[in-house]
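In what follows, a single structure is set out as structure tokens and then discussed.
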Amino acid sequence: FVWTLEVTWQLVRTRLSMDAEFDQPVCKKKKLWETVAERVTASLQEAGHPGGTVKAYECDLKWRNMLATYRKNAERARRLGAQSVHWEFFPAMHDVLGRSGDEAKVQRKSKPHTQKLGPPLASKHFTPILPTPALPLAPQSSRPSQDVLHLYLELQERKMNLWMQQKALEERKIEAINNLA
């Protein structure tokens, strides 16, 4: 499947419109991605766009890649200002996903005695389980531990992305085998 600009915009609009459904703690993401794929395909066919149908795993993988790009741009916007980001999908995604990150920040600040964890992840769907840190015997700077935590979260995110890509590849292999039978 070829992701043209028009198809990509349709994916972004559809996925962002379903953000509340994806945010539910108990939901089947696979079913939601199937719905996204159906809606994107239907709207493209209505618009007379040739190119067949888009599959759920293709939408999921494309969204994960776009989410990674969004996170990099969100960090850039936080450091250098919104005018430094020139990615065309950023404003639309930031209107929905940026709000979620801001809400998470407010919740963390409102809780007393919580450790600041660094910049919030834009994805509300990936919450790593971290061990409770032992109390230090002597007062130490919290900066190195935040750097380590940030690196750990990035590593976990990369592992998750690689796993999803491998899963999508395996699903494509299975689909190809089934089509041969």
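General remarks:
- Each of R79, R71 was scored by other Cβ atoms within 10 Å of its Cβ. Arranged with the fewest first, they read R79, R71.
- Chymotrypsin sites (Phe, Trp or Tyr not before Pro) within the stretch 1-59: DSSP coil, no more than 14 neighbouring Cβ in 10 Å: F1
- In range of the label at H86: residues from the stretch 1-33 whose backbone nitrogen is under 17 Å from the point 7 Å along Cα→Cβ: none
- Of the residues L61, L151, the one with the fewest other Cβ atoms within 10 Å heads the list, and the complete ranking is L151, L61.
- Counted by Cβ distance under 10 Å from A56, the other residues give a net charge of -1, where Lys and Arg count +1 and Asp and Glu count -1.
- Measuring against 24 Å, Cα to Cα, the residue pairs K72/K173; K30/K159; K30/K72 contain K72/K173; K30/K72 as the ones spanning a longer distance.
- Computed extension gain for N161 through A20, at 0.36 nm per residue and net of the alpha carbon distance, reaches 48.6 nm.
Bear in mind that the values in this text are calculations on the coordinates, not laboratory data. On a predicted model such as this, the values are computed, not experimentally measured, just so you know. Note: ideal-geometry Cβ built from the backbone for every residue, glycine included; neighbour counts use all protein chains shown.
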